[in-house]
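Taking it in order: structure first as structure tokens, then the write-up.
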Number of protein chains: 2
Amino acid sequence: MPELRRGATSNRWVIVAPERGKRPSDFERKGTGLAEQRPENCPFCSGNENMTPPEIYRIPEGAEDWHVRVVPNKFAALQDYESPGREAIEGFFDRMHGLGAHEVVIETPDHAAALPNLPVEQVKRVVDAYIQRLSTLMENPAFRYVLLFKNHGREAGASLLHPHSQIIATPIVPQEVRNSLSIARSYYERKERCLFCDVMLAEIRSGARIVEETDDYVSWTPYASRFPFELVIYPKAHSHDFTTLTEEQRWGLARILKGTLARLLQLVGDVPYNFVLKTTPNPVPRPGKPGYWTTLPYDYHWRIAVMPRLTQVAGFEWGTGFYINPMLPEDAAAALRDVDVS
Amino acid sequence: MPELRRGATSNRWVIVAPERGKRPSDFERKGTGLAEQRPENCPFCSGNENMTPPEIYRIPEGAEDWHVRVVPNKFAALQDYESPGREAIEGFFDRMHGLGAHEVVIETPDHAAALPNLPVEQVKRVVDAYIQRLSTLMENPAFRYVLLFKNHGREAGASLLHPHSQIIATPIVPQEVRNSLSIARSYYERKERCLFCDVMLAEIRSGARIVEETDDYVSWTPYASRFPFELVIYPKAHSHDFTTLTEEQRWGLARILKGTLARLLQLVGDVPYNFVLKTTPNPVPRPGKPGYWTTLPYDYHWRIAVMPRLTQVAGFEWGTGFYINPMLPEDAAAALRDVDVS
């Protein structure tokens, strides 16, 4: 059974999920890339709906033909339990159940499509599915954070070619999110302004790293980018909670997400990438309880981070959390700005 | 010129080193692996000493034939400057020069050797070279941390096959190290004991994750391992400073380092891996100055972390700092323990 473990010297939680099944012999390098996967064996293709666990959600709801499906991950990293099972085994070894949820959003019935090439109506449906699932999972008081992300390509951690994203609900607020919340909170206490709004304004004013600016959104390459062509997409209107998007803001997000990934695809080709949604931890019914986190609206600003996997993360980065980026973000932004996605 | 940049929302420092030279077109996937590299073109092979920048150190010192050489990294991520150049450009954009040092330790003249297959005398020489260089770099008051690491294999970030490790001196204490120091300091304030010593004792008492125990050292798979076959090597005698090793402790380290990597090699084959030395930040002449860190002897415990690169780090991990490990550390330890390295 999967379990969560906390390292005593790092405060870092780890999911140990041996069911995901690697033995030493499984690690020999296999030559097969995702491009060899065929629709007839693909669990995400239409016609193969019986190859996934029972469906959670589809767009359109109740219709025979679907545009977007949400299903549980067959090899879930986290799953539901009756209790979190928080347990101090002995000394430093504290753990809890692998409590949570792990879902897959199938972005299209088309096996060989790519998110940036889908019609904007279809990307909008994907955004709708994200919001529907996040809203539902955030209602469960046992879940402290809901993470939405996409792995594209084997080197970015994907095991299937068919376009999909994933949602994982965790029973703790991950350390990176906590860290970022605490930086933003102390900024707010000093300035009474949202840190992320201020960073966005500074980026817009500078312009050097801006890739695209629309009515509702702005994308740029972060000043301290860890990776070449790393990108963020921020909503201009302050909001800490992704699930509150209006219909118009959803359309805007579909357009800029499609556009941003299209720029990347045209500029550097079909490279592996990850994107990750950063949004508020779940609202907590019992503020002040240790281990729980209450987000104030100005502690956070939802946003999407896109990380192309063009460089290898090496010993230096693992040892220090201190990355070497071989490309100036200003150069990356200029190249991305110049791509014609009209 | 390389520079250091700090992200306002992450507090994470990044080295931006465009001289290391990637343009968009450089990122197209190349099929060549390191195995194709030939000694005649290898800058680390004997006979090709003129292909490296001027040598910093060799063992034996002054001898014609060398066992170990230390040279500057030709594509240094950090280099020397007259001043750190700390600068608040405008608003959130603060940066400093890419001040530091970046050296390569050539572990053997033998192009196709592997560290675990070298005679223990040679591994001892490598350890000697590490200590000589770290001691020297730690004397420079402009350097706040000296990181020693090894990248083995392209997927672990190595660009050359010839066995080598790297040393990077940085003008700041990296965030991961700071974080770990602060956890250990608050533990010490509560218990008046070294956190790392206590974790080591708990591991020895449990035994479930121990891989090897010698007179001076013990290696195990951490309770909250992020990766399959992740390993740590701790000195049993408390010491926060790697450079204080006695002659006998150096021999002991050579033996357990060789043995640990040999277990990995026999069990999972010649996989890419990183190892990283964690040791105290440099002593600081002006304690209490903001941004500076003074290490007390019980704030830290030097150790080596070995991270095989068998799994892909995916969007979930990047987004949360929260890793999914498909293997129980107890199973990894049992398999590593069973390897015959006699």
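So which pairs qualify, if the first residue must be in the range B:153-166 and away from every other protein chain (no Cβ under 12 Å), the second must be assigned to a strand (DSSP E or B), the Cβ gap must be under 9 Å, and the two must be at least 6 apart or on different chains?
These pairs meet every condition: B:160/B:104; B:162/B:106; B:163/B:106; B:163/B:150; B:163/B:152.
So which residues in the range A:198-218 are in a strand (DSSP E or B) and touching a Ser or Thr at 6+ places or on another chain (Cβ under 7 Å)?
Scanning the range A:198-218 gives A:211, A:212.
Counting only residues that are crowded, with 23+ Cβ neighbours inside 10 Å and within 7 Å of chain A (Cβ to nearest Cβ), which one in the range B:308-318 is modelled with the lowest pLDDT?
B:315
Got a sec? Which strands (runs of 3 or more DSSP E) wholly within the range B:91-170 have at least 1 residues that are at pLDDT below 95 and over 17 Å from the mean Cα position of the chain (by Cα)?
In the range B:91-170, B:93-97 are the strands (runs of 3 or more DSSP E) which contain 1 or more residues that are at pLDDT below 95 and over 17 Å from the mean Cα position of the chain (by Cα).
Here are some residues: A:196, A:229. Which one is on the phi > 0 side of the Ramachandran plot and aromatic (Phe, Trp, Tyr)?
Only one candidate qualifies: A:229.
What number of residues within the range B:178-203 satisfy the criterion of being more than 8 Å from chain A (Cβ to nearest Cβ) and more than 18 Å from residue B:302 (Cβ to Cβ)?
5
Would you check which residues across the range B:233-254 are assigned to a helix (DSSP H, G or I), more than 17 Å from the chain's Cα centre (by Cα), crowded, with 16+ Cβ neighbours inside 10 Å and not aromatic (Phe, Trp, Tyr) and list them?
Residues satisfying the conditions are B:249, B:252.
Pick from B:193, B:178: which is in a helix (DSSP H, G or I), over 15 Å from the mean Cα position of the chain (by Cα), modelled with pLDDT under 95 and surrounded by fewer than 21 Cβ atoms within 10 Å (Cβ to Cβ)?
Answer to the selection: B:178.
Every residue, every condition in (1) under 15 Å from residue B:161 (Cα atoms); (2) not acidic (Asp, Glu), yes or no:
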site: B:70; (1), (2): no, yes
site: B:98; (1), (2): no, yes
site: B:109; (1), (2): yes, yes
site: B:139; (1), (2): no, no
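The values are calculated or read from the model by the stated rules, or taken from the named source; none is laboratory data. Bear in mind that the values here come from a model prediction, so they are computed numbers and not experimental data. Using ideal geometry, Cβ is built from the backbone for each residue, glycine included, and neighbour counts are taken over all protein chains shown.
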